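Working notes for the structure below.
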Amino acid sequence: MNVDTRLLLLHKQGTSGRLRYLCLPGGVALFIPLPAPAALRPEDWSPTVQPHPGAPLREAEVQLGLAEGAIEAVPDFHCWVDTPAGDVAVLLGGFTSIDPPFAAAERLGGRFITIAESRPLSAIERELMRRAYEHVLG
């Protein structure tokens, strides 16, 4: 079964715990913006089939021009979005480098943002960021 997926990619600073999210011109739900209307499923909602993050994370590394292993899956993060075309899984990945790959983001017209800088994004993307923040930092 092929599940429609999006990625939320973040970088956690090792010394401070600061989280920054990769934001491209289409938002933080990468690499295809979520369609409107879309609604975030409740946190405890989960289908029987869960997508494996391997292929989407590797595809993200390729699109960003990063080496294999530059992004790793953040385990046990599951978010689902209800869209007119069906459910979309949102997977969470973390950059493994000491600093965020700023140059890779810039090549695609993006940048790294904190949750405090997410105001221009859609409500659903801000909520995805909040859920990821709580998952990673507790």
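So the values come out like this:
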item: GluC sites (Glu not before Pro) lying in DSSP loop within segment 31-138, provided at most 14 other Cβ fall within 10 Å; result: Glu43, Glu68
item: On Cα atoms only, tilt of 123-137 relative to the major axis of the chain in degrees; result: 60 degrees
item: With Cα atoms, 0 to 90° folded angle of helix 54-64 axis to the chain main axis; result: 50 degrees
item: Within segment 1-97, trypsin sites (Lys or Arg not before Pro) in DSSP loop having at most 16 other beta-carbon neighbours inside 10 Å; result: Arg18
item: Solvent-accessible area, 1.4 Å probe, carbon plus sulfur percent, for the chain; result: 53 percent
item: Label assignment, volume of the Cα convex hull per residue in Å³ derived from the structure, set (1) 118; (2) 107; (3) 181; result: (2)
item: Accessible area of the chain divided out per residue, in Å², using a probe of 1.4 angstrom; result: 54 Å²
item: Test item: Cα-centred dipole of the chain, Lys/Arg +1 and Asp/Glu -1 on Cβ, debye; result: 400 debye
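The values are calculated or read from the model by the stated rules, or taken from the named source; none is laboratory data. Quick caveat, the model's predicted, so the values are computed rather than measured. Cβ sites come from the backbone with ideal geometry, for glycine too, and all protein chains shown count toward neighbours. Only protein heavy atoms, including side chains, enter the accessible area calculation; ligands, DNA and RNA are left aside. Shrake-Rupley method; radii C 1.70, N 1.55, O 1.52, S 1.80 Å.
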